Amino acid sequence: MESLPGTMYQIEDGDDVGDLEFIQEKVLANDYFQVSGDINALNSTIEHIIPNGKRAFLIEAKITMSANPGATGSDQTVAQLSVDGVRKSKAKIGKNSQIVRGLREPGGAGWGTNSESRFNVLGLSVVGDGVKKIEIINVLAGGSAFAEMTGYYVDV
C-alpha cells in the first residue's frame with residue numbers, strides 16, 4: 001500500500017497506525033483479501049465476490065508478464081479492472097516485434113511496454129451482496145499475464 005511519508009490510518013479503537021499495522025489488523029480480523037492467477041486467454045479472469053454486509057476497498061491491482069517473449073513475435077495483454085460489471089481502469093503489458101528487411105541488411109523493429117502495469121484503484125469500493133464482484137479480465141487475445149488484486153473490507 002503506497003502512502004505519503006507519515007500517513008497514518010485509524011483502526012476501530014481510534015489508534016493511529018501505519019500502513020503495515022493497518023493491513024495486519026485487517027488480516028487478523030479476516031477483513032483482507034488477495035486474489036491472483038493467470039489470465040492467458042481472451043476473456044479469462046480473476047475475480048473476488050464481495051460478501052453481503054461488507055464494503056470492499058481495493059489497495060492494489062496489477063498485471064505482470066507471465067513469460068519472457070522471444071526476439072520476434074507478439075506477446076501483449078490488455079486487461080480491464082471491473083467493479084460490479086463496470087469498467088474502471090485498463091492496463092497493458094507486453095511487446096510486439098518483427099523482422100524488417102532493409103535494402104542491405106536485416107534489422108529489427110518493434111515496440112514494447114513495461115513487464116508490469118498497475119490499475120488505478122484510488123477511491124474504488126463496492127458494497128457486497130454476495131453476488132457483486134471485482135474482476136480483472138483479459139480483453140486482448142495474443143498475450144499472457146499474471147493478474148493480482150488486494151483489498152480490505154469494512155462493515156456496512
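When you check residue 36 against the structure, is it at pLDDT below 95, polar (S, T, N, Q) and part of a strand (DSSP E or B), yes or no? For residue 36, the condition - at pLDDT below 95, polar (S, T, N, Q) and part of a strand (DSSP E or B) - is not met.
Taking the residues in region 118-156 that are in a strand (DSSP E or B) and charged (D, E, K, R) as candidates, determine which candidate is surrounded by the most Cβ atoms within 10 Å (Cβ to Cβ). So, considering only residues that are in a strand (DSSP E or B) and charged (D, E, K, R), the one surrounded by the most Cβ atoms within 10 Å (Cβ to Cβ) is 135. Of 87, 104, all but one fail to be at pLDDT below 95 and either over 30 Å from residue 27 (Cβ atoms) or charged (D, E, K, R) (or both); the exception is 104.
The values are calculated or read from the model by the stated rules, or taken from the named source; none is laboratory data. Since we're looking at a predicted model, the values are computed, not measured. Ideal geometry is used to build each Cβ from the backbone, glycine not excepted, and the neighbour counts take in all protein chains shown.
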